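Right, one structure below, let's go through it.
The values are calculated or read from the model by the stated rules, or taken from the named source; none is laboratory data. The structure presented is a predicted model; accordingly, all values stated were derived computationally and were not measured. Glycine gets a Cβ as well: all are built from the backbone with ideal geometry, and neighbour counts include every protein chain shown.
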Amino acid sequence: MAEFESKLKDLIIKLHEIEAVKFGLFKMKSGIDSPVYIDLRSIISYPAILETVAELLWEFAIKDIDCNQLCGVPYAAMPIATLISSYSKTPMVIRRKEAKKYGTKKLIEGKFSPGDKCVIVEDVVTSGSSILETIMDLQSEGLRVTSAVVVVDREQGGNYNLSEKGVTMHSLCTLSQILQVLKDAGRVNQEIVDSVKKYLAASQIHLDSTFFTAQPLTESVKPSRLSLPFSVRADQATNPVAAKLLKIMVAKQSNLCVAADVTSASKLIALAETVGPYVCLFKTHIDIVEDFSAQLIQQLLAAAQKHNFLLIEDRKFADIGHTVSLQYSHGTYKICSWADLVTVHPVPGEGVITGLKSAVADLHRGCFIVVEMSSAGNLTTPSYISSSMEICKKHPDFVVGVVCQTPSTLNNPGLLQLTPGVSLDCQNDGELGQQYNSPEDVIMLRGADIAVVGRGIVQAADPVQAAQEYRTKLWAAYEKRVSSLKLA
Ligand code: S5P
């Protein structure tokens, strides 16, 4: 993973050097002025760069996707798809932009059979409309398409629009990552970073529901998680704890979870009492408290009752079912007796969820499955994420949502996306690996319903004031998301 990341950073710098990524003022097809221009068509003039792009796309995602055909979106991505096809020995098809006016009138060139599984390759995604048009043509010929792999996600709604149509998008890098790498390398200044972020927040593109009505890509397009208000989603929850949490969020106008990573009982209770009024969830790592006692739990429960928040113990269970059922219910912490929610790594397979459920037969409890992590170099690959989502779908009575970083991971409006790695001031914590995004970005671009803020609040000079500020910003971003994505 470290090697992959360093290759990706080099690639981003080279793309900037050859002006495939430029900053300035550019008129877009839509007529809007953009402070950034990304055009990967020129990479065919740099064979080494083209080769790296193909290699990284293959390594990053395609090799883990179950497919037997590739298709590059015409025209920029076709050479990339060709290289990947040759390198991986995966056959490819070409979609003609217009069916031939003579001869066989074929829309799709290449040999394929109905039911073949095809992955789309694209260079840059903005709204996702080019990918969706390509998919419609492939589907009309009987090919099955559920994944698109792209080099750059401009973070302007493409991921959302594709997920709406049942297509999972994997991007090698986002525009925010490009900005970060170029800023770290001293190639762009903060002013450029700020102007691009402002532009992104203001230029989200939502393809309305009528866009593809002629040939819907999925049998039923349900109202999306991202565009529905929490109040409506509370009625769609299949787990009573998820419904309760969504109702608390609405009542308190808060989608803030504080990560109370403190090591003494007195600090933990002080935090619960002071920031409690501003949060919907209070997240603990109870095993870091040095003077743990049963009394601490009583105080935490009393604070939760008084300030109307739920308790989530971030235990990240990751063992066989039998072991986790004991870890959940026994030992010093007897977690299931007090924590409304826990976090779980799906790495052991479905048994981890079955094990936890077996410990809480009559209690109203639930879990968040950690499908993707915020830390640099984490091992959560696209195929891990999609297999984890399958586990999630099998336990609607116990799973409340997922911990992840990308909006297309979760569609079900009855479930919640919890996203850590949120800070107003920092971009990372150095060697320790945490990576941060702003409150607005995690809600608008990363699809979080609830944002987890730890040190940004706990280590602030005034934690109460910090909690108020995060809560206001996160809630405003949620309201903006719902109103900007409202279906036409
Ligand atoms: O991917 C993850 C998942 C979690 S639950 N990344 C995370 O950082 N977390 C948790 O969120 C982590 O254990 C910590 O408690 C919190 C983030 O804290 P911060 O101080 O970096 O905001």
Long-range neighbours under 6 Å by Cβ, at least six apart or interchain, first residue of a type in the set (Val, Ile, Thr) within region 462-475, second surrounded by fewer than 22 Cβ atoms within 10 Å (Cβ to Cβ) | Val464/Thr274
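Out of the residues in region 36-50 that are part of a helix (DSSP H, G or I) and either of a type outside the set (S, T, N, Q) or touching a strand residue (DSSP E or B) at 6+ places or on another chain (Cβ under 7 Å) (or both), which is surrounded by the fewest Cβ atoms within 10 Å (Cβ to Cβ)? Don't jump to the end; show me each part of the working.
If we filter region 36-50 for residues that are part of a helix (DSSP H, G or I), which is where we start, we get 40-45, 47-50.
Cutting the leftovers down to either of a type outside the set (S, T, N, Q) or touching a strand residue (DSSP E or B) at 6+ places or on another chain (Cβ under 7 Å) (or both) gives us 40-41, 43-44, 47-50.
Numbers: Leu40: 22, Arg41: 13, Ile43: 25, Ile44: 14, Pro47: 11, Ala48: 9, Ile49: 20, Leu50: 18.
By that ranking, first place goes to Ala48.
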Among the candidates Ile108, Ile131, single out the residue that is more than 24 Å from Ser34 (Cβ to Cβ) and either out of contact with any His (no Cβ under 8 Å at 6 or more places or on another chain) or not hydrophobic (A, V, I, L, M, F, W, C) (or both).
-> Ile108
State whether the residues of region 466-483 include one that is of a type in the set (A, V, I, L, M) and over 17 Å from Lys252 (Cα atoms).
-> yes
Which residue pairs have Cβ atoms closer than 6 Å, lie 6 or more positions apart in sequence or on different chains, and pair a first residue in region 279-303 that is closer than 23 Å to Ile450 by Cβ with a second residue that is surrounded by fewer than 13 Cβ atoms within 10 Å (Cβ to Cβ)?
-> Ile288/Thr263
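With closer than 18 Å to Lys244 by Cβ and either more than 24 Å from the chain's Cα centre (by Cα) or at pLDDT 95 or above (or both) as the only criterion, which of Leu356, Leu310 stands out?
Working: Leu356 fails: closer than 18 Å to Lys244 by Cβ.
After ruling out the rest, the residue left standing is Leu310.
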If we keep just the residues of region 405-456 that are touching a Pro at 6+ places or on another chain (Cβ under 7 Å) and of a type outside the set (A, V, I, L, M), which is nearest to the ligand (Cβ to nearest atom)?
-> Arg446
Answer yes or no: is there a residue in region 300-313 that is of a type in the set (Gly, Ala, Ser) and more than 22 Å from Lys252 (Cβ to Cβ).
-> no
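Please work out which residue is modelled with the highest pLDDT, limiting yourself to region 229-254 and to residues that are assigned to a loop (DSSP other than H, G, I, E, B) and surrounded by fewer than 19 Cβ atoms within 10 Å (Cβ to Cβ).
Gln253
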Going through region 372-404 in order, the residues found to be under 13 Å from the mean Cα position of the chain (by Cα), outside any loop (DSSP other than H, G, I, E, B), of a type in the set (Gly, Ala, Ser) and within 14 Å of the ligand (Cβ to nearest atom) are Gly401
In region 243-260, residue farthest from the ligand (Cβ to nearest atom) [restricted to those that are in contact with a helix residue (DSSP H, G or I) (Cβ under 8 Å, 6 or more places away or on another chain) and β-branched (Val, Ile, Thr)] | Val250
Of those in region 361-371 that are buried (at least 19 other Cβ atoms within 10 Å of the Cβ) and assigned to a loop (DSSP other than H, G, I, E, B), the residue nearest to the ligand (Cβ to nearest atom) is Val371
Taking Gly401 as meeting all but one of (1) small (Gly, Ala, Ser); (2) over 23 Å from Lys244 (Cα atoms); (3) crowded, with 22+ Cβ neighbours inside 10 Å, write down the number of the exception.
-> (2)
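Looking at Ser130, Ser113, Ser171, which is the one that is surrounded by 17 or more Cβ atoms within 10 Å (Cβ to Cβ), outside the structural domain of Ile385 (by TED's automatic domain parsing) and at pLDDT 90 or above? Even if it seems obvious, please write down each step before you answer.
Values: Ser130 fails: at pLDDT 90 or above; Ser113 fails: surrounded by 17 or more Cβ atoms within 10 Å (Cβ to Cβ).
Answer to the check: Ser171.
So which helices (runs of 4 or more DSSP H) stay within region 406-488 end to end and still have 2 or more residues that are among the aliphatic types (A, V, I, L, M) and surrounded by fewer than 20 Cβ atoms within 10 Å (Cβ to Cβ)? Even if it seems obvious, please write down each step before you answer.
On the way: elements: 439-444, 455-458, 463-485.
Here the list reads 463-485.
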